[in-house]
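S.K.: One structure is given below, represented as structure tokens, and several questions about it will come after.
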Amino acid sequence: MNTIAPEDLGQEASSATLASRTLSGRIAIVTGSTSGIGLAVLEELAKAGAHVVMNGFGDAAEQAAAARRIAAMHDVDIPYHGADMSRPAEIADLVATTEARFGRVDILVNNAGIQHVAPIEAFPAEKWDAILAINLSSAFHATQQVLPGMKRRGFGRIINIASAHGLVGSPFKAAYVAAKHGVLGLTKVTALETAEQGITANAICPGYVWTPLVEKQITAQAIAHNIGRAEVIRNVLLAQQPNKQFAEASEIGALAVFLAGEAARSITGASLSVDGGWTAH
Ligand code: NAD
């Protein structure tokens, strides 16, 4: 019978930890990573060993505390950059600052996003413009900034957080659905333009994930339909989601880690659904 000495047990544990750090030393930017899906993606990338630039709005002290906690837990750097993703010059500065600090950007996760729910006739033009700018144009501007360095180094991973609404529509979400369909188009073009250069571009299409963005929609939909919270969750938000469960943000993070790794080098131009069967309809 083989016996394992206590010191070998320690060895096995540290090998397992190292084996799970598949992104060790990689440099990532996750836009909109102070909350929800972005924060979970940031945390999963950090767990896999990547240094990750945090971006997004919110309480500065809370963000700094979250960044410190994640950095210490996974022994990586988590600097913060406050670029407003609706402003191309600030996006350029986000990428330039990251390159100046770490020498490169290996992984870009375009995640920042907002929502507004209203029928088309009542949809405020400024909300349309803001949603298109933050949910779609920001991914173009950030991709444009990171590609030259990725091409020089022959490695890059661009992961666009789209939505089931990149594949299908829902009433009252004209700007969001248009923007997310646009993200899938941008993903395909990025993949085609970079396919021979060690770069992949893919979109993750979540169904409903429990985050502050969804919490706001529960309130808005309750008012729009004049019904209660439980009914909104089951019959409105999850009406099309066959498993009747919100996904966890960490599930999106786990897929992002896989797409960022070596094993996913042949996956490009794809949209990967994490939607409990929604788009199987
Ligand atoms: P969230 O509201 O929890 O987080 C959004 C993040 O984007 C925050 O960090 C916020 O500060 C940031 N942000 C907003 N405007 C910004 C700006 N102008 N500049 C920089 N950062 C900005 O939302 P979430 O649910 O985590 O959504 C994240 C992404 O996932 C979005 O693109 C959303 O469309 C997509 N998504 C979410 C769901 C869901 O069910 N939650 C489903 C499908 C897709």
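S.K.: Out of Ala122, Ala71, Ala96, I need the residue that is under 24 Å from Met150 (Cβ atoms), small (Gly, Ala, Ser) and modelled with pLDDT of 95 or more. Which one?
M.R.: Matching residue, one of Ala122, Ala71, Ala96: Ala96.
S.K.: Note down all Cβ pairs under 6 Å where the first residue falls in the range 258-277 and is touching a residue at least 12 places away in the same chain (Cβ under 8 Å) and on the phi > 0 side of the Ramachandran plot, the second is in a loop (DSSP other than H, G, I, E, B) and surrounded by 15 or more Cβ atoms within 10 Å (Cβ to Cβ), and they're at least six residues apart or on different chains.
M.R.: Gly276/Gly207; Gly276/Gln241
S.K.: Name the single residue, out of those in the range 156-168 being assigned to a strand (DSSP E or B) and free of Cβ contacts under 8 Å to residues at least 60 places away in the same chain, that is surrounded by the most Cβ atoms within 10 Å (Cβ to Cβ).
M.R.: Here is the first cut: in the range 156-168, the residues assigned to a strand (DSSP E or B) are 156-161.
Next cut, free of Cβ contacts under 8 Å to residues at least 60 places away in the same chain only: 156, 158, 160.
Working: Gly156: 25, Ile158: 28, Asn160: 26.
Among them, the one singled out is Ile158.
S.K.: Another question, then. What tally of residues in the range 195-213 results from selecting those that are open to solvent by 30 Å² or more (accessible area, probe 1.4 Å) and in a loop (DSSP other than H, G, I, E, B)?
M.R.: 5
S.K.: Right, something else. Would you point out the residue of the range 196-218, among those that are more than 20 Å from Leu255 (Cα to Cα) and at pLDDT 95 or above, that is nearest to the ligand (Cβ to nearest atom)?
M.R.: Restricting to residues being more than 20 Å from Leu255 (Cα to Cα) and at pLDDT 95 or above, the top hit is Gln197.
S.K.: Filter the range 82-107 for residues that are among the acidic types (Asp, Glu) and without any contact (Cβ under 8 Å) to a residue 40 or more places away in the chain; which is least open to solvent (accessible area, probe 1.4 Å)?
M.R.: Applying the filter and picking the extreme gives Asp84.
S.K.: Something else: Among the residues of the range 44-81, how many are open to solvent by 40 Å² or more (accessible area, probe 1.4 Å) and either within 12 Å of the ligand (Cβ to nearest atom) or not in a loop (DSSP other than H, G, I, E, B) (or both)?
M.R.: Of the residues in that region, 15 qualify.
S.K.: If you don't mind, there's one more thing I want to ask. Name the residue that is farthest from the ligand (Cβ to nearest atom), counting only residues in the range 88-117 that are within 28 Å of Ala178 (Cα to Cα), touching a strand residue (DSSP E or B) at 6+ places or on another chain (Cβ under 9 Å) and among the hydrophobic types (A, V, I, L, M, F, W, C).
M.R.: Of everything passing the filter in the range 88-117, Ile107 is farthest from the ligand (Cβ to nearest atom).
S.K.: Also, quick follow-up: Output the residues belonging to the range 118-155 that are more than 15 Å from the ligand (Cβ to nearest atom), in a helix (DSSP H, G or I) and of a type in the set (Gly, Ala, Ser).
M.R.: Matches in the range 118-155: Ala122, Ala125, Gly149.
Residues checked against (1) within 14 Å of the ligand (Cβ to nearest atom); (2) outside any helix (DSSP H, G or I); (3) in contact with a Lys or Arg (Cβ under 6 Å, 6 or more places away or on another chain):
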| position | (1), (2), (3) |
| --- | --- |
| Ala220 | yes, no, no |
| Asn235 | no, no, no |
| Ala263 | no, no, no |
| Ser266 | no, yes, no |
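Every residue, every condition in (1) away from the ligand (no atom under 12 Å from the Cβ); (2) over 27 Å from Gln245 (Cα atoms); (3) in contact with a helix residue (DSSP H, G or I) (Cβ under 6 Å, 6 or more places away or on another chain); (4) part of a helix (DSSP H, G or I), yes or no:
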| site | (1), (2), (3), (4) |
| --- | --- |
| Ser170 | no, no, no, no |
| His181 | yes, no, yes, yes |
| Lys188 | yes, yes, no, yes |
| Glu193 | yes, yes, no, yes |
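The values are calculated or read from the model by the stated rules, or taken from the named source; none is laboratory data. The structure presented is a predicted model; accordingly, all values stated were derived computationally and were not measured. Glycine gets a Cβ as well: all are built from the backbone with ideal geometry, and neighbour counts include every protein chain shown. Remember, those area values only see protein heavy atoms, side chains included, never the ligands or the DNA or RNA. Shrake-Rupley method; radii C 1.70, N 1.55, O 1.52, S 1.80 Å.
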